[in-house]
Structure formats: structure tokens, C-alpha cells
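One structure below.
The values are calculated or read from the model by the stated rules, or taken from the named source; none is laboratory data. All values reported here derive from a predicted model rather than from experimental measurement. Cβ placement follows ideal geometry from the backbone for every residue including glycine, while neighbour counts extend to all protein chains displayed.
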Amino acid sequence: MKKIYSLLLLGGLLFFGVQNASADYLQVKTGPDSWEGHEISWNNDIGTVDVDFAALTQYEFKISNNSNVWHGCNATIKSDVSDYGFRSGEDAACKLQTQSAGAYHFSLFWHNNNNEFKVSVTYPEGSFSASFEKPNGWGTLYAYVWTGESPNKTEQLGDWPGTEAVDGGISFNNKIIPANIIWTDNRDGHYVGNGQTGDLVFVNGMTYKEDGTKSYKLSLTAGTWTSFCPAVDVTIPDDARLKVYRAQLVNTTLTAYEVTGKIKADEGVLLKATEGATYTFDETTGATAIENNSLKGTSIRDLRTALQGNATYMMVLASGTNTFKSYTADYLPANKAYILYTPIQGAPSIISLVEEESNATNINNIESSEEAVKFFQNGKLFIKKNGIVYDMMGTIVK
């Protein structure tokens, strides 16, 4: 019988300390007081179990043995965690934030230090890409991509120096989210001189420079709405041809309002350009959340579309239009924005986007008016003028 002593998480991997191996179960919480057991298959000191998670949500799980002894932890487990300590006898469940639906593979194998078993969680396959602005004088461009450290490193594009880039970029599918990337000037099987970047953080869909800075380069068509969701804070280009919008859904009306400055990581926005071109959104820091924004987004990887059950639908911008329609494919690609919509009786299944001009000047005019009265409600500042209540972005709220 296996007796679990401790659990340690290093770089996104779980470690269970165990003794006297026999049948164990990964118990997944399915209701307030209900759990579903998934038997762990053991081959000597290696155990495996596949669990199918159907939705994008946070699942709770524990480990139990055939004597009905249960063991939990006191930490949230997700793909980007740092180190956490786990001890036997904890009542709290471990927590796993799924990033797409499908079979998650749990591998348990012997770890000599402190009589522990290491448990790694492998995610369903997702699609990833990155590109590089090759400096003058570089020859054949290679990319080396990996996650984790030896001896548990996963090399997504093969061992060093990786794989040759095509047209300055790479694209691939993998079950594990990439963590790092190195770009090299590789000729005849070896890199040349100093033609190599440092160890860079991998961010899906971004373009890198030799100094490690990176940006999103988006090719937009004139007059066409495009959705966008960055995985890092970015600066909105100072370009009169481009406007960036938040969108506010009230009942069945979706209204777009221009925003300026920066876009916070994981924030969904809409883009519209008066001229077809490639627009550069440089990585930055210090962006704040956009208020009154109904847009959500897929920033890191493909996202399962069945988010909130049958009553609520994911709606995305239909290509080449200003309408949002229910999305029927299994996964929405990374870096896209969407809205969640719960239809009511008689409500439309298609929502049209109404564009409003920037309210920055309007709110300044309202604020300076003698009839305007400022007040706080629920910690937010509003302005009332002539019986109309505005938020600080100029949106009429009452």
C-alpha cells in the first residue's frame, strides 16, 4: 500500500512522497460533495493516469489509496507556478487550471531525493508560433525552444540548436506550453561567433529582436475590424491610421469606444485601421485594466470554446464584418478577443458592433461644465450632468 508523505512543486511539476507502492487514485471533484476516482497505473516505480477535462475551469483533485486514505495540498497548481511546499494530511484539494479541453496526462515517477514521487501534468496539444528580426550578417536562422530544466527538460523543436526557421519564424503544435527560446545564426551545424540571443521567455505569436525585446506585428486590412488579446502588456502604436477599442455589452447592444496608451496582458480589444499595413505593438509594463470592457481574450494558447455551459455562448467577430456570432469550432486561436453572451427570449443570435468616437474630449467638456456634479459609487468616480450619469471614460451609465 502506498503511503503519501509529501508533495513538492518545482517549475510546474508536482512531487508526491510515497512509500510501499500499490493502487492509488487521482480523485477529481465533480460536485460539492462528490469525487470521481481515476486509477493510477503503476509499472514498478512509474505511474500514469489520463483524465479528460471538458471545460476551461479550475478543477480540484486529491490523491487516495485503496485504504481510502486521502491526501491534499495547500497550493494552486497551474502552468506558470513557482515553488510550493506540500505535506501529507492536508485537507485542501490541489487545484489545476485547465487551458483547453482534452486528456491531461499525469505521470508519476520515482524521485530519489526525500523519498518522493514526481508528478508531471501534460496539457492537451496547442498551436504556437514566434518570429525573429534577423540582424544583418546572420545566415541560417535556427530556434531552440524548451520547457523545464534537466533532467526533466522538454525540447519542443528537438535538441540543440533546435530547428531551422522558415521565413524568419517557427510554428508548431505541442502539449506543453513553451517556456523559453534561443535564436541562433546556425551555419553548417554550428552557430557563428556571437550570433545567438540569450535565454528568452517564449511568448506565443510575438516577434523578437537580437537584444531580447519583442512585439506583436499585426497585418490589418483597411476598414476591417480585427480582435486582439496580448499575452504581455503592450503599447498602442502612435499612428493616426489605427484605432483601438474596448467594447461594452449592455443587453443586446455592443458599443465600441476608443482607448489609447497601453493594453494590459490578457485584455481583449478590437482594432480598426484606415490603411492596410503592419502595425507594431511593443512589449511594455505598467498597463492597467480597461474599465467597462466586455471583451475577454485568449492570450497564451488555443482556448476551449465551451466555457460557461450550455446557457452562455462564446461569440467572436465574424471575419470582415462588424458582427459577433456564436463560435462553433472546438478551439479559438490564441491572441483573439471574444464576448460571453447569455441569450434571453427573443434576443438576437447575432450582435452588431456600434462604433462610437473617442470620449476623451467629451468627458473633459462634461467635467468642466458648471452643471456637472462628481460623485463616488462603489469605489468608482462618476459625473452627473442634466440628469445623465457618465463614467470617467464618457460612457453613459444611467
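Taking only the range 134-145 into account, find how many residues are surrounded by 15 or more Cβ atoms within 10 Å (Cβ to Cβ) and under 21 Å from residue 216 (Cα atoms).
Residues flagged as surrounded by 15 or more Cβ atoms within 10 Å (Cβ to Cβ) and under 21 Å from residue 216 (Cα atoms) within the range 134-145 amount to 6.
Only one of (1) out of contact with any Ser or Thr (no Cβ under 8 Å at 6 or more places or on another chain); (2) acidic (Asp, Glu); (3) at pLDDT 85 or above is not met by residue 185, so which one is it?
Here residue 185 clears every test but (1).
Six or more apart or on different chains, Cβ under 9 Å: which pairs go from a residue in the range 169-180 that's under 13 Å from residue 206 (Cα atoms) and among the hydroxyl-bearing types (Ser, Thr, Tyr) to one that's at pLDDT 85 or above and surrounded by fewer than 19 Cβ atoms within 10 Å (Cβ to Cβ)? Could you list them?
So the pair list comes out as 171/129.
Give the residues of the range 240-263 that are surrounded by fewer than 16 Cβ atoms within 10 Å (Cβ to Cβ) and either outside any loop (DSSP other than H, G, I, E, B) or of a type outside the set (Ser, Thr, Tyr) (or both), sorted by residue number. Don't jump to the end; show me each part of the working.
Within the range 240-263, the subset surrounded by fewer than 16 Cβ atoms within 10 Å (Cβ to Cβ) is 240-241, 250-253, 260-261.
Once the filter is applied, which keeps residues that are surrounded by fewer than 16 Cβ atoms within 10 Å (Cβ to Cβ) and either outside any loop (DSSP other than H, G, I, E, B) or of a type outside the set (Ser, Thr, Tyr) (or both), the range 240-263 yields 240, 241, 250, 251, 253, 261.
Here's the yes/no breakdown for (1) surrounded by fewer than 18 Cβ atoms within 10 Å (Cβ to Cβ); (2) of a type outside the set (D, E, K, R); (3) over 15 Å from the mean Cα position of the chain (by Cα):
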{"residue": "271", "(1), (2), (3)": "no, yes, yes"}
{"residue": "275", "(1), (2), (3)": "yes, no, yes"}
{"residue": "280", "(1), (2), (3)": "yes, yes, yes"}
{"residue": "287", "(1), (2), (3)": "no, yes, yes"}
{"residue": "295", "(1), (2), (3)": "no, yes, no"}
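Among the residues of the range 292-340 satisfying the criterion of being of a type in the set (Phe, Trp, Tyr) and modelled with pLDDT of 80 or more, which is farthest from residue 231 (Cα to Cα)?
Of the range 292-340, the ones of a type in the set (Phe, Trp, Tyr) are 313, 324, 327, 331, 338.
Imposing the further condition that a residue be modelled with pLDDT of 80 or more reduces the set to 324, 338.
Details: 324: 22, 338: 15 Å.
Checking each candidate, the answer is 324.
Using the structure shown, decide if residue 215 is surrounded by fewer than 17 Cβ atoms within 10 Å (Cβ to Cβ) and touching a residue at least 12 places away in the same chain (Cβ under 8 Å). Don't jump to the end; show me each part of the working.
Details: surrounded by fewer than 17 Cβ atoms within 10 Å (Cβ to Cβ): no; touching a residue at least 12 places away in the same chain (Cβ under 8 Å): yes.
When the stated conditions are applied, residue 215 does not pass them.
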